[in-house]
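Notes for the one structure printed next.
The values are calculated or read from the model by the stated rules, or taken from the named source; none is laboratory data. Here the structure is a predicted model, which means the values were calculated and not measured. Counting neighbours? That spans all protein chains shown, and the Cβs are built from the backbone with ideal geometry, glycine included. Areas reflect the complete protein model, heavy atoms only, side chains present, ligands, DNA and RNA absent. Shrake-Rupley method; radii C 1.70, N 1.55, O 1.52, S 1.80 Å.
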Amino acid sequence: MTSQNQQFEQLCRKDVKLSAYSTYEIGGAARHLALPHTIEELTIMLDGARSKGLNPFLFGSGSNTLFPDHPHEDMLFFSLKEHIEFKLLPGRLFVSAGTPMTLLALFGLYTGIDSFDFTFLLPGTLGAGIYMNAKYFSHQISDVLETAYVIDKEHPEKGLISVPISDCEYAYKKSIFMRKPWIVVGADLKLPVDPKLTPQQTEELFAKLKSKNLPSSVLPDYYRHYTNELNIAAKQGFKVRQEMLDVIEDRSGKLHFDFPSCGSVFKNNYTIGEPMGKLVDRIGLRGTVIGGAMISDHHGNIIQNRGGAKAQDVVDLVHLVQEKVEAKFKFLPEPELVIV
Ligand SMILES: Cc1cc2nc3c(=O)[nH]c(=O)nc-3n(C[C@H](O)[C@H](O)[C@H](O)COP(=O)(O)OP(=O)(O)OC[C@H]3O[C@@H](n4cnc5c(N)ncnc54)[C@H](O)[C@@H]3O)c2cc1C
């Protein structure tokens, strides 16, 4: 075995249940799974996958991905969620792709910057947020991005490629990253004002936040962990802005963290004038159950795993909604959920 082969084997975990890496808590055992901590490890992994003829599938924290019940043997599932780095630079903040988006809101809380408030309790990593232009009401990742840094999966030898915001082709839940074989590895984010911290204090703050055993993909743990972080900051005298408290109220009211799910399943069709959740309500599908999956009885655009759901149960509900909505409203709803 060559040493590169050995490094690849060390990076690869074998026969790992993907359900532990998805907020749906759904997914069978992957033959190969890797969680590279650095760009170097990522490159070793991509080279190894190529030489072994494996098909790499990238994910972040699995909060928008439905993994298969029976993953193909030749797939290599990999996530950058262990690659968490931040650097305060003049007028901007560099953040690596694996960083949970909600850490940005906490950074804003400690530094008096409000432009990241919308990322509070937005499950998922920054890399995926950049990929799909994650949004919360009127705020989206494209509002705060300055430059994304990517690696071409097919040509990693090209090294880091900079993609300025003007080239990102951002629209509602759309970007250039969705049509290119690119892995987002990090980004420079805009800072509207200078943070009340030095670069070293910023690194110490992130190091402290990240050292606290970041929550798994289990949504109630995620919710408890980050609302607790808010309380800790408040006790230290940092002002928790109303926007962040509103996020807690809104998401709790929609039972976002009560059952395993991936949040909204379909993109809204703005030409129709009503969000998908309302359309699903209007055709009376709320509460519909297939196997272990159910269309939330609180929000028509969320499909929950109510216990032991299979990927196929969720897919069947997705098809049911598509069929009924198309029949009544004459358009085919486009899933936001990534179905592997
Ligand atoms: C309770 C709940 C509430 C939610 N609320 C919202 C919301 O308000 N707004 C919203 O937009 N979303 C919401 N989501 C969906 C989800 O959190 C976001 O879409 C988030 O951006 C997904 O991040 P992730 O790391 O979990 O992505 P994953 O599910 O792991 O991956 C999603 C996609 O991103 C791609 N990807 C991942 N990492 C990278 C990378 N580094 N480079 C390139 N592509 C990458 C993957 O290939 C995959 O196609 C919610 C989900 C849940 C469970």
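Before moving on, here are some points about what is shown:
- For region 3-79, accessible area per residue (1.4 Å probe, heavy atoms of protein chains only), Å²: 44
- Expressed as a whole percent, the accessible surface of region 211-337 that belongs to carbon and sulfur atoms is 51, based on a 1.4 Å probe.
- For the chain, with +1 on Lys and Arg beta carbons and -1 on Asp and Glu, the positive-most of Ala234, Ala207, Leu189 along the dipole: Ala234
- Region 144-203: C-alpha gyration tensor shape, a/c 1.5 cut-off, then a/b vs b/c: oblate
- Remark: region 86-253 carries 44 Å² of accessible area per residue (probe radius 1.4 Å; ligands, DNA and RNA excluded).
- Overall form of region 86-253 per C-alpha gyration tensor (a/c, 1.5; a/b vs b/c): prolate
- Net charge dipole size for region 45-141 [Lys, Arg +1 and Asp, Glu -1 on Cβ; Debye, nearest 20]: 240
- For the chain, a simple Cβ point-charge model (Lys and Arg +1, Asp and Glu -1, everything else neutral) yields a dipole of about 380 debye relative to the Cα centre.
- Antiparallel DSSP beta bridges within the chain, percent to nearest 5: 80
- Over the chain, relative contact order from alpha-carbon pairs under 8 Å, at least 6 apart, %: 16
- Ranking Arg31, Arg306 by solvent-accessible area of protein heavy atoms (1.4 Å probe, all protein chains present), from largest to smallest, gives Arg306, Arg31.
- In the full protein context, region 275-324 carries 41 Å² of accessible surface per residue, based on a 1.4 Å probe and ignoring ligands, DNA and RNA.
- Normalised contact order of region 276-339, rounded percent, pairs of Cα under 8 Å and 6 or more residues apart: 26
- Charge tally for Leu285 (other residues, Cβ to Cβ under 11 Å; Lys, Arg +1; Asp, Glu -1): +1.
- Accessible-area composition of region 82-149, carbon plus sulfur, in percent [1.4 Å probe]: 55
- Sequence-distant contacts, meaning Cα pairs under 8 Å at least 6 residues apart, place the relative contact order of region 37-170 at 17 percent.
- Shape of the chain, Cα gyration tensor, a/c cut at 1.5: oblate
- Most positive-pole-ward Cα, Thr288, Leu332, Leu317, against dipole of region 276-339 from beta carbon charges: Thr288
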